[in-house]
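Student: Could you have a look at this structure, given as structure tokens, before my questions?
The values are calculated or read from the model by the stated rules, or taken from the named source; none is laboratory data. Fair warning: this is a prediction, and the values are worked out from it, not measured in the lab. FYI the Cβ positions are ideal-geometry reconstructions off the backbone, even for glycines, and counts take in every protein chain you see.
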Amino acid sequence: MRRLRATVRTPTGFAGSAILLLVLFFVVAGPILWGPQAARINPLDILAGPSARHPLGTDELGRDILAEVFTASRLSLELSVLATLIGAAVGVPLGAVVAVLSPRPRRLIGTLINFTVSFPGLLLAIFLAVIVGVGSTGAVLAIGFGSAPGFARLSQTLASSVTEMDYLAAARLLGVSRTRLLFRHVLRNIGEPIILNVTMSVGGALLALSGLSFLGLGVQPPSYDWGRLLSDGLANIATNPLESLGPGAAIVITGIGFNLFGESLAQVLGQRVAPRRPGRKERRRLLAEPGARPAQPLPASPGSPAGRQPILRVEGLSVTFPRQRPASRPVRDVSFELAPGEIVGIAGESGSGKSLTALAIARLLPNGAEASAARLEFLGNDMFTWRGAEASRILGTKLPMVFQDPMTSLNPALHLGIQLTEASQVHQGTPRRQALERAAERLRAVRIDRPDERLCQYPHELSGGQRQRAVIAMGLMGEPRLIIADEPTTALDTTVQRQVLAIFRELSETTHSAMIMISHDVAVLGELCSRVLVMYGGLIMEDAPVGELAGARHPYARMLVEAVPDLGTARDRPLATIQGQPPSPAALPPGCPFAPRCPRALERCRLELPAATEVSPGHRVRCFNPLTFDETLVTLVEPATP
């Protein structure tokens, strides 16, 4: 409503709104005020010219043409709106459904849309009208189905921007049905441009229907619309041009009104509008008193961290893209274990395979990627045997994932309350009010103030740190046993970053949940984790306790550590860097992937891939020529020559 008022305030929007209101008046009042006059047959006034009594003259039955134009407003607009709604109802879901389908049906529907949209809309409508049959019903169906490809192409383009969003992947992981995905997560995010296009398409449908009636394929006597009146007046255009001018002007003015209103609406939708505050009824539907209840402790996982079997076991995990040419394997032979309450960090440059490893564990690999492993067990169960609802239930409630950008993890079209409660309602059958109470407790647990009010807000109404905490709270709505955090602090300032890290540490201690923290910042991992896995070229090059990370044995891991500046770094010397670029997953060298950049590489390193060997208890290194603990290895950026 606020955007509608903003639209009317613009000159273009005011003109378009005024025209549409005038047309709406004739639609409602036309048949009532001018219907009897338009139906009155007068043999004495047949084909009379314009006069004070008949401003546009009369037709071959002596009926007043101006009264017929006013009366025809209702049928003309009804048919136009109905045809537009048919086109939108068929085309919009057809185009948007590609966001929730697997690749093969998606390609099939895309091909169908491309084929149908290649035909001109009016030509397709005429073709369909001939097949369906003449008359108003056939014309409406022809225009509706003829405009469907255009709506399908628009919604397909808009939905493609939502397809790879993290919140859609998370909803799939929760086991949300495709119908619910389509209507809740896809259509709600592309609804505004769709509605705008529907508004502007009514004018086009009016013109197309009038064209069909003008050709004799639309409305048939004794009924009439503006197109039919225009066709009847064409025979007398030489003696009474106003007979054709009346319906023609009605078509043009109405079409202009819809286009002006739609154009103004598009401008307003493109501007930032102040967020709507939750109303009293909406607050009552959520929780009554913000902050009225003290924060309750989070539920701990069964048992204690000590003496229990690992939560996660990974042996020989690989991720491949077999359909790429050449095929690539960005993750290979990854093996590690996580105990309850343990926080393990994964470090490495971009492209080292950190995120793909996490996505493979969480069953969120992108299309075209395939995972394989000698063993991949979560809570003692083989993850490769999980199917359908069982996989969605376990992964959706016990294995949450926190992504780097919370704005891609949170649906911008939904309140936080809807998003936080989805997992509980889908998998645990929790009543809505009880789920909202739990959501408020989870927001308190991650130190978000006024949680009841936050549940009524959209993601854009929160700060970056609050959004990241809200994503963490979303993962706590179930009974998490393993939390995967993919660079969750990269976009945050230092103060908020430390607060988020403190929340992760507290969650691990209180719930005994294991945690995988992915980051390119070794300092962040050293502050939070008990163990760090250093990845390069899809391999774990070093698996070290955090206390031994400063003396990392692998040259790459040592370079990562020494490249982190601290307060003791000499300001008169260049910062330490690692020269060169990581290898492409599609063109990995036969030996150690770091050999081309390693200052300690042997000839053997370039020919053979080293195996992981244990250099101390709990410390494994994949290197033929490892460093000693006290050895220093730093690559510097040489100052530019003046």
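Student: Checking the condition touching a helix residue (DSSP H, G or I) at 6+ places or on another chain (Cβ under 9 Å), among the aliphatic types (A, V, I, L, M) and part of a helix (DSSP H, G or I), which residue from Leu217, Leu154 passes? It would help to see each step written out before you state the result.
Tutor: On the way: Leu217 fails: part of a helix (DSSP H, G or I).
Result: Leu154 is the single residue among Leu217, Leu154 that is touching a helix residue (DSSP H, G or I) at 6+ places or on another chain (Cβ under 9 Å), among the aliphatic types (A, V, I, L, M) and part of a helix (DSSP H, G or I).
Student: Sticking with this one: What tally of residues in the stretch 39-61 results from selecting those that are closer than 20 Å to Leu245 by Cβ, under 60 Å from the mean Cα position of the chain (by Cα) and of a type outside the set (S, T, N, Q)? Full working, then the answer.
Tutor: First pass over the stretch 39-61, keeping only residues closer than 20 Å to Leu245 by Cβ: 45-61.
Then drop every residue that is not under 60 Å from the mean Cα position of the chain (by Cα), which leaves 50, 54-61.
Checking which are of a type outside the set (S, T, N, Q) leaves us with 50, 54-57, 59-61.
Result for the stretch 39-61: 8.
Student: Another question, if that's okay. Among the numbered criteria (1) within 30 Å of Gln468 (Cα to Cα); (2) in contact with a strand residue (DSSP E or B) (Cβ under 6 Å, 6 or more places away or on another chain), which single criterion is violated by Arg553?
Tutor: (1)
Student: May I pose another question? Hey, any hits in the stretch 59-68 for a residue that's in a helix (DSSP H, G or I), in contact (Cβ under 8 Å) with a residue 60 or more places away in the chain, under 22 Å from Phe214 (Cα atoms) and of a type in the set (A, V, I, L, M)?
Tutor: Looking for residues that are in a helix (DSSP H, G or I), in contact (Cβ under 8 Å) with a residue 60 or more places away in the chain, under 22 Å from Phe214 (Cα atoms) and of a type in the set (A, V, I, L, M), one finds at least one in the stretch 59-68, hence yes.
Student: Quick test of your reading of the structure: Phe119 fulfils all but one of (1) crowded, with 17+ Cβ neighbours inside 10 Å; (2) part of a loop (DSSP other than H, G, I, E, B). Name the failing condition by number.
Tutor: (1)
Student: If you take the residues in the stretch 24-53 that are touching a helix residue (DSSP H, G or I) at 6+ places or on another chain (Cβ under 7 Å) and outside any helix (DSSP H, G or I), which one is surrounded by the most Cβ atoms within 10 Å (Cβ to Cβ)?
Tutor: Among those residues, the one meeting the criterion is Trp34.
Student: Is it the case, given these coordinates, that Met541 is in contact with a Ser or Thr (Cβ under 6 Å, 6 or more places away or on another chain), assigned to a strand (DSSP E or B) and either under 29 Å from Arg329 (Cα atoms) or of a type in the set (Asp, Glu) (or both)?
Tutor: Details: in contact with a Ser or Thr (Cβ under 6 Å, 6 or more places away or on another chain): no; assigned to a strand (DSSP E or B): yes; either under 29 Å from Arg329 (Cα atoms) or of a type in the set (Asp, Glu) (or both): yes.
No; evaluated as a whole, the condition is false for this residue.
Student: Say whether the condition of being in contact with a helix residue (DSSP H, G or I) (Cβ under 8 Å, 6 or more places away or on another chain), at pLDDT below 85 and either under 28 Å from Phe261 (Cα atoms) or of a type in the set (Gly, Ala, Ser) (or both) is met by at least one residue in the stretch 194-205. Can you show your working first?
Tutor: Filtering the stretch 194-205 down to residues in contact with a helix residue (DSSP H, G or I) (Cβ under 8 Å, 6 or more places away or on another chain) leaves 194, 196-205.
Of the ones still in play, those that are also at pLDDT below 85 are 196.
Adding the requirement that they be either under 28 Å from Phe261 (Cα atoms) or of a type in the set (Gly, Ala, Ser) (or both) leaves 196.
Yes.
Student: With respect to the numbered conditions (1) in contact with a Lys or Arg (Cβ under 9 Å, 6 or more places away or on another chain); (2) closer than 20 Å to Val522 by Cβ; (3) free of Cβ contacts under 8 Å to residues at least 12 places away in the same chain, which one is the sole condition not fulfilled by Gly580?
Tutor: With respect to (1) in contact with a Lys or Arg (Cβ under 9 Å, 6 or more places away or on another chain); (2) closer than 20 Å to Val522 by Cβ; (3) free of Cβ contacts under 8 Å to residues at least 12 places away in the same chain, Gly580 is out only on (3).
Student: For Lys354, which of the numbered conditions (1) of a type in the set (Lys, Arg); (2) touching a Ser or Thr at 6+ places or on another chain (Cβ under 9 Å); (3) surrounded by fewer than 20 Cβ atoms within 10 Å (Cβ to Cβ) fails to hold?
Tutor: (3)
Student: With the requirement that a residue be among the small types (Gly, Ala, Ser) and surrounded by 21 or more Cβ atoms within 10 Å (Cβ to Cβ), what does the stretch 62-104 give you?
Tutor: Filtering the stretch 62-104 for residues among the small types (Gly, Ala, Ser) gives 62, 67, 72-73, 76, 80, 83, 87-89, 91, 95-96, 99, 102.
Residues satisfying the conditions are Ala67, Ala72, Ser73, Ser76, Ser80, Ala83, Gly87, Ala88, Gly91, Gly95, Ala96, Ala99.
Student: Having 2 or more residues that are out of contact with any strand residue (DSSP E or B) (no Cβ under 6 Å at 6 or more places or on another chain) and within 30 Å of Gly191 (Cβ to Cβ) is the bar; report the helices (runs of 4 or more DSSP H) wholly within the stretch 339-445 that clear it. Let's see the steps before the verdict.
Tutor: Working: elements: 354-361, 388-398, 406-409, 416-427, 432-445.
The helices (runs of 4 or more DSSP H) meeting that bar are 388-398, 406-409, 416-427, 432-445.
Student: How about the stretch 163-220: which of its residues are over 30 Å from Leu20 (Cα atoms) and of a type in the set (Gly, Ala, Ser)?
Tutor: Correct list: Ala169, Ala170, Ala171, Gly175, Ser177.
Student: Restricting attention to the stretch 317-338, does a residue exist that is modelled with pLDDT under 80, under 26 Å from Leu476 (Cβ atoms), touching a Pro at 6+ places or on another chain (Cβ under 8 Å) and crowded, with 16+ Cβ neighbours inside 10 Å?
Tutor: no
Student: Of the residues in the stretch 488-509, how many are at pLDDT 80 or above and of a type in the set (Asp, Glu)?
Tutor: 2
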